Each structure stands twice: as structure tokens, then as C-alpha cells.
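Where a number appears in this text, it was derived from the coordinates with a stated rule and is not lab data. What you see is a predicted model, and the numbers here were worked out from it, not measured in a lab. So basically every Cβ, Gly included, is an ideal-geometry build from the backbone, and we count neighbours across all protein chains shown.
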Amino acid sequence: MSSVQSIGSNKWKTVLNTRRIGWFILIVALLFRVGKAYATKSIPIYGDMVHYNHSALFLLLHHVYTYWGSGPAAQITPGYPLFLAAMYAVGRLFSPNVHVWIHMALMGQAVLSAWSVYLLYRLSLRLTPAWGAALAALLFLTYPTAIWSPLTLLTETLYVFTLLLFVTAFFRALEKTLLRRFFLAGLLLGLCTLVRPTVFPLIIAPVLLFLQSAYRRQMGRSLRNWAIYVIGFILPMFPWWIRNEVVFHKLILTDEDAGNPLLYGTTRRFLNDPALGRGLSPKQQEHLALVRIGQQFAHHPWQSLQWYTVDKLQLLFSTPWYLGQPSHTFTGHLLNFWLHAHLVWVILGSIGLILGLQKLMGRWLTALVFYFVLVQLPFIPINRYVYPVMPFFFIGVAYFLYFAYTRGQRQLLTNQQNRKDPQDEDKTWGLNT
């Protein structure tokens, strides 16, 4: 009985220590991220940030959801503009100054970014011990893009947060197949889709469970889990679908802006060919993109295959997404060094994810990263769009180091067992004679 109690006590001590490490990471992340956002008094607004800011302001002040005009639009899903409008509404309680509203949004994003670090730690525990999970969280906490992106009015911070929430909820559903867990995973997938529709096809993710014989033997229960998952997904998406049906008299599942990045993904001059889609509607751009892809593979199959695989992968992952300017200080030089370590994390993370295929959660995580990379290849190869998968590469880095450590420990133990003491050999020889 005492040994059983001792085992139970040790288990609870491990759980308690793991939780303490997690809360410590969260507190450090909050202090770091919020402190950085608080010290940022103003930010330059350019590119997509202009449209997101306009959309949030127009929604808050005129109660019309648009993107770059003044009429109703569905170019993008409404998740991020709704978040910005909510933050602006909180800021308006304290000041009529729009700069204060924007600063409030940055503070909100800093909090979400800190929670993302904590969620990454919790997610990493499914593949590594606490020290490995803490390492993955530390890499993400100090990754220059993760420091800089919350200080922009772009979707990445909110998207990474909702994506990590969804993945954590989905993994929990896999660990214990309760209806409420599948419902929560579906609900979070819907919320994540409203921020960036890249995740929309993951609505069929539970179908992949049928590849396992245990789930095929429980077909009825598995189908029921998938059904409740889909219901959870529909719940946050339904108001968006109804709004589009009422306003545009057609069903728009996600958004109408896929044509432009798909079209510019067909040319190597995507940064210097602004006339390619000029004057074309989103549907016309999408049609032209599909025509160009078909012609490219029909006339130049090997060059096209190289462009849509090797060349785009190089453009997506060879450099980090970072538009800040490191200062000529010690901190600036350290930041510049850390930026150049980006490719190291991608390579080690990829190796770690491949090694993680031997574990169930590792297979799901690797499949998820593979999907996000694969789905991006037809589109414009901008490194901004693969930044959200970097947290999973950090898990891969942690698992790679954990795998190397455990393999080294086993090898060391084997060598010690194989190494025999000469005196013991003499004693054994003497007894045998």
C-alpha cells in the first residue's frame, strides 16, 4: 500500500511541478509581451493594416462590415476586424483618440500572444517532458517575429492564438473521445476559420480517425463524434453565412479574396507584376489563375513542378517574416543573430516532426504541419503566410533534442552494461575452474 501511495504522490508532484512551470511561463510571457506593447506609443500603418483598420473603424462607427470601401463586403472573413472593433470599443471608453484605440488593440494582442506561448507549452507536453515543453515555449517567446507581430494590425497574432486553441482542443478530443470535447474542437475551428479560412478543410479531420481499426470498430460512435464536431463548427460560422445570404443573396462559405493570392502564385514576378490582375473581379482572377496553372503544367511540367514545390518552399521558409529594423545596439545585434537562427529552427523542427511520427500525437502534429505547407504552395509564396506554423516547428525542435537526449542516455546505459570489470571476470573464471 505504501508503494502505491508513493507512486501516486510522485505523480501528483510531477503534475504540480508541470503546472507551476506553465504558470511561470505565462507570467513571464505576459510581462514581456504586455510590457513591449505598453512601451510602443505608435506604429506605422501600411499595406493590409490600412484595410483592417478601416474595416474595424467603419464597423464600430457605422455598423457596416466592409474592407476597403464603404459598402458591405466579403473580401475577408470577419474575425480579425471584429476583434479590432471590440478593442477599439474598449479604447473609446477611455479616450476619443483613435491612437489610444489602436494602442488598446496592441495591448489585447500582446495578451493573446502571451497566452499562445502558454498554449504551446501545454501542447508540447504531449510529446516531450516539461523541460522540452519549456524550451519550445522559450523559443516561441523570444522568436523575433512573435515579438514584433503583436505590434502590427494584422491577423497573425489572433490566428496563431485561435489555431493553438483549436489544436489543443482537438488533441484533447483524441485523448478522450467525449462529445463535449469534439463539440469544443469544432467550435474553435469555426472561430479560427473566421480569422483565416486556411483551416476550413480541417472540418473533415475526424474522418481520418477511420484509418485506425479501433475507430472503425466503433463506427456509430465515431460518426456521432464527427457530427457534433461539425455542429460546433457551424455555430460560429452560421451568422456569417446568413449575413452573406441576406446581403449578397448567395452562400459565401469563407471569403471572396482567394483569387488574388492564387493568381500571383502563378508568376515568379509576384512582387513586380501589379498589372497581372488589374481590372479583374475576384472570380475572374481565380479563373485566370487556374487557366495559367493548367497551361504551365501542360507546356513546362518540370519547371512548373519545381516552382510549385522546391522554389516556393525556399521562398516561404528561407527567411523569417520580419519587417522591423534591429537597432545598432547590443539588443539589436542579438535580435539580428536570432533572426538568422530561423532556418536552424525550421531544419531541426522538420527533423523532430519526422521523428515524432512514432507517436500518435506526433503523427497528427506532423500531418497538420504538412497540410498547412501543402495548402500554401499554389498561392503567393510570402513568408508571412507560413509564420503560424512556426510554433509547431519549435515543438519539433524540442522533440528532436528530447529524442537525441534519450537515445544518448540509452546508448550510454548499454555501453556501461556491456563494459565488464576485469576483476569480476577473473572471479568468474576462478569459480568456473
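General observations
- FRET efficiency estimate (nearest 0.05) - Cβ-Cβ, ALA341 to ALA275, R0 22 angstrom: 0.05
- Tilt relative to the chain, helix 422-432 - C-alpha long axis, 0 to 90 degrees, to 10: 50
- Compared with the dominant principal axis of the Cα atoms in the chain, helix 2-39 is inclined by about 30°.
- As a length-normalised measure over Cα pairs under 8 Å and 6 or more apart, the relative contact order of the chain settles at 15 percent.
- Neighbour-count order for LEU93, LEU360, fewest beta carbons within 10 angstrom listed first: LEU93, LEU360
- A compact globular protein would have a Cα radius of gyration near 2.2 N^0.38 Å; the ratio found for region 54-116 is 1.14.
- When you filter the trypsin sites (Lys or Arg not before Pro) in region 278-365 for DSSP loop state and at most 13 other Cβ atoms inside 10 Å of their Cβ, you are left with ARG278.
- Paramagnetic reach from GLN218 (point 7 Å along Cα→Cβ, amide N under 18 Å) across region 173-204: 173-186
- Given charges at Cβ of Lys, Arg, Asp, Glu: the chain dipole, positive-most of GLY132, SER70, PRO197: GLY132
- For q = 0.07, 0.09, 0.12 Å⁻¹, Debye-computed log10 I/I(0) when each Cα of the chain counts as one equal scatterer: -0.42, -0.67, -1.16
- Against the main long axis of the alpha-carbon atoms of the chain, helix 342-355 sits at an angle near 60°.
- Spin-label pair SER42/THR267, simplified geometry with 7 Å Cα→Cβ offset, distance in nm: 3.6
- Cα gyration tensor shape for region 307-351, rounded if a/c is under 1.5, else prolate or oblate: oblate
- Total formal charge among the other residues, if their Cβ is under 11 angstrom from that of TRP115, Lys/Arg +1 and Asp/Glu -1: +2
- Extending 7 Å from the Cα toward the beta-carbon at both GLN75 and HIS62 defines two label points whose distance is 1.4 nm.
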